Amino acid sequence: AMEEKALGIKRRALGSEHERVCTCLLNVGMSYLVQGNLEEALARLEEGLGMMRRIHPEKHSLEGMLLQSIGCVYRRQCKFEEALMMHSKAIRIYRKTVGP
């Protein structure tokens, strides 16, 4: 609940397309994941991923973090092929943005 409130404040203060809003979406998504609310987690993480790709089309480590988190949601949903695909994409982004 507090993270959703923080997300709303960040959107109002920074605009709807901002890197800090993406970070907040990641945090909210992970909170939902920990609570077992996988649908809400996936929705927030996918929103953050789409926003991050629009803001940084050249790739950014936060995109990797979002992909990795989406992979965690898929793993909890027993969607192992999708989870592996997301984790593999995250690794590729990390290699491009932070090195091997």
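Condition check: of a type in the set (A, V, I, L, M), farther than 22 Å from residue 92 by Cβ and outside any loop (DSSP other than H, G, I, E, B). Does residue 7 satisfy that? The answer is yes for residue 7.
Of the residues screened, residue 61 is one that is in contact with a Ser or Thr (Cβ under 7 Å, 6 or more places away or on another chain), of a type in the set (Gly, Ala, Ser) and surrounded by 13 or more Cβ atoms within 10 Å (Cβ to Cβ).
Just so you know, all these numbers are worked out from the coordinates, no wet-lab data involved. Model, not experiment: these values are computed from the prediction. Reconstructed Cβ throughout: ideal geometry from the backbone, glycine too, with neighbour counts over all protein chains shown.
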